[in-house]
Amino acid sequence: MTIETMDLSYQKMPDTEGHGLAHIPGSKGWPIVGYLPKMIKDFHGTIEKHVAQYGEVSRFGQGFIHDGVLVVGPDNWKRVLLDAERNFSPKMGYAKSLGYFYGGGLLLRDFDEHRYQRRVFQASFKNDAMKGYAELMNPIMAEHLQQWQKDPSFLFFPHIKEMLLDIAAKVFFGIDDLGDDADKLNQALIDIAEKGMMSIFPIDFPGFNFHKGILAKKFADNFIGKMIPERRAGNGRDFMSYVVKEKDDHGDYFPDQDLIEHLTFLMFAAHDTTTSALSHLVMLLGQNPEVAAKLREEVKGLNKTYLDYDDLDKLEYMEMAFLESLRIYPSVSMMTRRTIRECEMGGQRLPANTVLFLPPRYNHTMAKWWDNPMKFDPERFSPERAEHKRHPFMFHPFGGGAHKCIGMHFAMMNAKCFMHQFLQQYDFETPPGYNPWMHVIPMPRPGDFLPLKLKKL
């Protein structure tokens, strides 16, 4: 089946919005708001209580028009993520969240179209390109880290967010200095995530937060779109320079609008998720100084100021620590899909056009599969223990199947390069007894932005 012959009628159908699900055990929560207030207060606890009461496949309400079915358990996730029968649409699952702003991004392309559009990135994540990205990002990290010692009341989250924005500008778009546009672009990403995507009412009219998100998306699109001709004509080593030169089966460049959609979504996905991931990793290291000390010894053993791409595999314990932090605190709180046709899941009949809610952390902390699941224990990922291999779909920090994150190796490289420099330059502590409220929606992070006491080494 080609893209031209695909039956896309499912994309025109409305969500069931919870209708036709009475036969499935569960509850939609409070009237109108569903479980949303409880999820904001205690996201993971709310999910765990619901599953304990109703099982792995249950009716669930996220408030307002977001009613559907909560799905947990690695066997169920295997069916959804592999999707051998093409029953589950990411595009329609995210239509009322990411879809308003990133509807053309790679994650929100279905089936043959997804496979076709994935070719846009075939050169940009190859080894030669990745080596160039490492060379670009290391000096930026060094410059930012040098400035951190000057801040007496240091909050890690905003500082790492600023650093990663500068890295994204250089690595993704070949921009040395965002200048005045730095604050505008950063604010645009914030407005899209925290105003646009969090809007209760998707009304594109002045005065509504959704409208602010739409304006921010237009700014980001224009910011990227105007650079396409220049990057296509040049010989840059940045990510965008690779992407805009890819050609389709007819030897033509991919349309500019497709490229803009892919690049804006990647900017959002790579920037925000890595900010979240590194914040959680550093928080856990501050709470577990013995692990931080072991990582520092591994880093010192390389005897290098910067990591080269070929050094990445040498930091085995660091990779285990990064994966362990993603296990406990995934950078995406809830994945979604929507059924295309009636199907079965966990012994329950799911009507067509039913939204599925997929919370990664539940599977990541199931006592059935993990030893002492709430303990920060990087060595559970060691070759000797390999807990994550007890079931192929019990651990999925980067998704799985055809939609597994195309940038997962870039994210790992980004994290290792940063931690390599950070651990060499600073010792750090979290406040005594540190146990912050965890902000989960829209992007996971410590609720107080992670205060640290830094000591220059």
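The values are calculated or read from the model by the stated rules, or taken from the named source; none is laboratory data. These numbers come from a predicted model, not from an experiment. Every residue, glycine as well, gets a Cβ built from its backbone with ideal geometry; the counts of neighbours run over all protein chains shown. For accessibility, only protein heavy atoms count, side chains too; no ligands or nucleic acids. Shrake-Rupley method; radii C 1.70, N 1.55, O 1.52, S 1.80 Å.
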query = So what's the gap between the Cα centers of the range 4-72 and the range 410-457, to the nearest angstrom?
reply = 33
key: Qualifying trypsin sites (Lys or Arg not before Pro) in the range 198-244, DSSP loop, other Cβ atoms within 10 Å at most 14   = LYS226
ask   = How many percent of Cα pairs in the range 203-260 exceed 19 Å?
value = 43
request  = With an 8 Å cut-off on Cα pairs and a minimum separation of 6 or more residues, tell me the relative contact order of the range 276-411 in percent.
outcome  = 22
message = Can you sort ILE340, ILE47 by solvent-accessible area, 1.4 Å probe, largest first?
response = ILE340, ILE47
task = Whole number in Å², please: accessible area per residue of the chain, 1.4 Å probe, ligands, DNA and RNA not counted.
result = 44
ask   = Counting only DSSP beta bridges with both residues in the range 1-157, what percent are antiparallel, rounded to the nearest 5?
value = 75
task = Would you list, by chain and number, the lysines whose Cα falls below 23 Å from the Cα of LYS375, excluding same-chain residues fewer than 8 positions away?
result = LYS41, LYS49, LYS294, LYS389, LYS416
Amide proton proximity set for PHE88, modelled H, under 5 Å, gap of 5+ = ILE340
query = Treating the beta-carbon of each Lys and Arg as +1 and of each Asp and Glu as -1, no other charges, what is the dipole magnitude of the chain about its Cα centre, to the nearest 20 debye?
reply = 860
ask   = According to the Cα gyration tensor, what semi-axes, each the square root of 5 times an eigenvalue, does the equivalent ellipsoid of the range 332-457 have, listed from largest to smallest in whole Å?
value = 34, 18, 17
task = Please work out how much length the chain gains when fully extended from ASP112 to HIS23, using 0.36 nm per residue of separation minus the C-alpha to C-alpha distance, in nm with one decimal.
result = 28.7 nm
request  = Would you kindly derive the ³J(HN,Hα) couplings of the range 380-388 from the backbone phi angles with the Karplus curve 6.51 cos²θ - 1.76 cosθ + 1.60 (θ = phi - 60°), listing them in order in whole Hz, with x for Gly and Pro?
outcome  = 5, 9, 5, x, 5, 9, 6, 4, 5
message = Using a 1.4 angstrom probe on the protein heavy atoms only, could you order SER153, SER9, SER89 from most to least accessible area?
response = SER153, SER9, SER89
Relative contact order of the chain, pairs being alpha-carbon contacts under 8 Å that are 6 or more residues apart, as % = 22
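Roughly speaking, to the nearest percent, how much of the range 149-295's 1.4 Å accessible area is carbon and sulfur? Provide the component values of the computation, followed by the final result.
Numbers: 3370 of 6430 Å².
On the range 149-295, the fraction of accessible area on carbon and sulfur atoms equals 52 percent.
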inquiry  = Taking a virtual spin label 7 Å from the Cα of ILE441 along the C-beta vector, which residues in the range 6-21 bring their backbone nitrogen under 20 Å of it?
reply    = 15-19
key: Length added when fully stretched, ASP42-GLN257, from 0.36 nm per residue minus Cα-Cα   = 73.5 nm
Solvent-accessible area of GLU297 with every protein chain in place, 1.4 Å probe, in Å² to the nearest 10 = 120
key: Answer label, with mean projected area of the Cα convex hull in nm² calculated from the coordinates and candidates [x] 22.2; [y] 25.5; [z] 28.4   = [x]
task = Run the accessible area of the range 75-139 with a 1.4 Å probe and give the carbon-and-sulfur part as a rounded percent.
result = 49
key: Amide H contacts under 5 Å for TRP30, placed H, 5+ residues apart   = TYR35
note = Over the Cα atoms of the range 87-236 the radius of gyration and the largest Cα-Cα distance (Dmax), both in Å, equal 17.8, 54
